[in-house]
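A.B. asks: Below: one structure in structure tokens.
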Amino acid sequence: MESQIISRAMDFVRGIFEGDFGGHDYLHTLRVYNTAVMLAQCEGADVSVVGLAALLHDVDDKKLSPETSEGKLRAVGFLRENGVKEEKISWICRIIGEVSFSQNRGAKPETLESQCVQDADRLDALGAIGIARTFAFGGSKGRPVYSQEFLESKASGNEDVKGKGESSLEHFYDKLLLLKDMMNTSTAKSMAEKRHKFMEAFLKEFYEETMI
Ligand code: ADP
Ligand code: NI
């Protein structure tokens, strides 16, 4: 029963994200699911709830599906059709609501289950995969990889320079380099450290190649 609903949720999500090439493809959801379940096992959270919340975490995202986002209609519809009890549906919806970076900047989710899913989603914005997603997302929104103006302000030695969000490179300073200090669980913290170092090495090389 449990593995059946997980495989149905995978099919449901694959159908939704099949045509997304902007960083929210189906494989993003699959990675978040695998990482969240691993974190839940390490941290002693409820694996079933974490798994379903991870699989459904983006289906009612405000940016991707504004018309269903308020009531998390796609997630609720799927869970009801598959006979999940209302109490568990509410729990899963609460987790999904707590995952979002933009809506919960700084706020640490209360339950371990929410913490695992949030950490997994954030880990997927870091490291090699995070770098790939950043440029894919920026390109899909018509943003340049970087701007000369931004490079020059970095070259001027201003370490605190904050991006204006106009190029994908700025997203590292707006969000990605902040995430390692925002992990909830100790397992995710050590994974984030490694991915953070990789991004720092990437940026160093990037500036060398762009002759900053
Ligand atoms: P999620 O909901 O999965 O956490 P987001 O919708 O915040 O992801 O973003 C999807 C991907 O695009 C992430 O890898 C994120 O870091 C990246 N991204 C978000 N905003 C920008 C931006 N302004 N420029 C470049 N990449 C971005
Ligand atoms: Ni996500």
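A.B. asks: Hey, could you check region 35-77 for residues that are more than 13 Å from the chain's Cα centre (by Cα) and among the polar types (S, T, N, Q) and say which is farthest from A120 (Cα to Cα)?
C.D. replies: Once the filter is applied, the top-ranked residue is T68.
A.B. asks: When you go through (1) away from ligand 2 (no atom under 16 Å from the Cβ); (2) of a type in the set (D, E, K, R); (3) closer than 30 Å to S186 by Cβ one by one for K72, which number turns out not to apply?
C.D. replies: Going through the list (1) away from ligand 2 (no atom under 16 Å from the Cβ); (2) of a type in the set (D, E, K, R); (3) closer than 30 Å to S186 by Cβ, K72 breaks only (1).
A.B. asks: Then there is this: Here are some conditions: (1) under 12 Å from the mean Cα position of the chain (by Cα); (2) free of Cβ contacts under 8 Å to residues at least 12 places away in the same chain; (3) away from ligand 1 (no atom under 12 Å from the Cβ). D25 meets all but one. Which one does it not meet?
C.D. replies: Failing condition for D25: (3).
A.B. asks: Having 2 or more residues that are touching a Leu at 6+ places or on another chain (Cβ under 9 Å) is the bar; report the helices (runs of 4 or more DSSP H) wholly within region 46-105 that clear it.
C.D. replies: Qualifying helices (runs of 4 or more DSSP H): 47-56, 73-81, 86-99.
A.B. asks: Scan region 70-93 for residues that are surrounded by 18 or more Cβ atoms within 10 Å (Cβ to Cβ) and either out of contact with any helix residue (DSSP H, G or I) (no Cβ under 9 Å at 6 or more places or on another chain) or not β-branched (V, I, T) (or both) and jot them down.
C.D. replies: K72, R74, A75, F78, L79, W91, C93 - these are the residues of region 70-93 that are surrounded by 18 or more Cβ atoms within 10 Å (Cβ to Cβ) and either out of contact with any helix residue (DSSP H, G or I) (no Cβ under 9 Å at 6 or more places or on another chain) or not β-branched (V, I, T) (or both).
A.B. asks: Within region 124-175, take every residue that is more than 16 Å from ligand 2 (Cβ to nearest atom), surrounded by 17 or more Cβ atoms within 10 Å (Cβ to Cβ) and assigned to a loop (DSSP other than H, G, I, E, B) and give me the one that is modelled with the lowest pLDDT.
C.D. replies: The extreme case among them is G163.
A.B. asks: Continuing with this model, one more query. Here are some conditions: (1) closer than 21 Å to S114 by Cα; (2) assigned to a helix (DSSP H, G or I). Q4 meets all but one. Which one does it not meet?
C.D. replies: It is condition (1) that Q4 fails.
A.B. asks: Taking region 36-57 on its own, how many of its residues are touching a residue at least 60 places away in the same chain (Cβ under 8 Å) and either within 11 Å of ligand 2 (Cβ to nearest atom) or in contact with a Gly (Cβ under 9 Å, 6 or more places away or on another chain) (or both)?
C.D. replies: 4
A.B. asks: So A201 passes all but one of these: (1) surrounded by fewer than 19 Cβ atoms within 10 Å (Cβ to Cβ); (2) free of Cβ contacts under 8 Å to residues at least 60 places away in the same chain; (3) in a helix (DSSP H, G or I); (4) within 16 Å of ligand 1 (Cβ to nearest atom). Which condition number does it fail?
C.D. replies: (4)
The values are calculated or read from the model by the stated rules, or taken from the named source; none is laboratory data. All of these numbers come straight from a predicted model, not from anything done at the bench. Backbone-built Cβ (ideal geometry, glycine too); neighbour counts: all protein chains shown.
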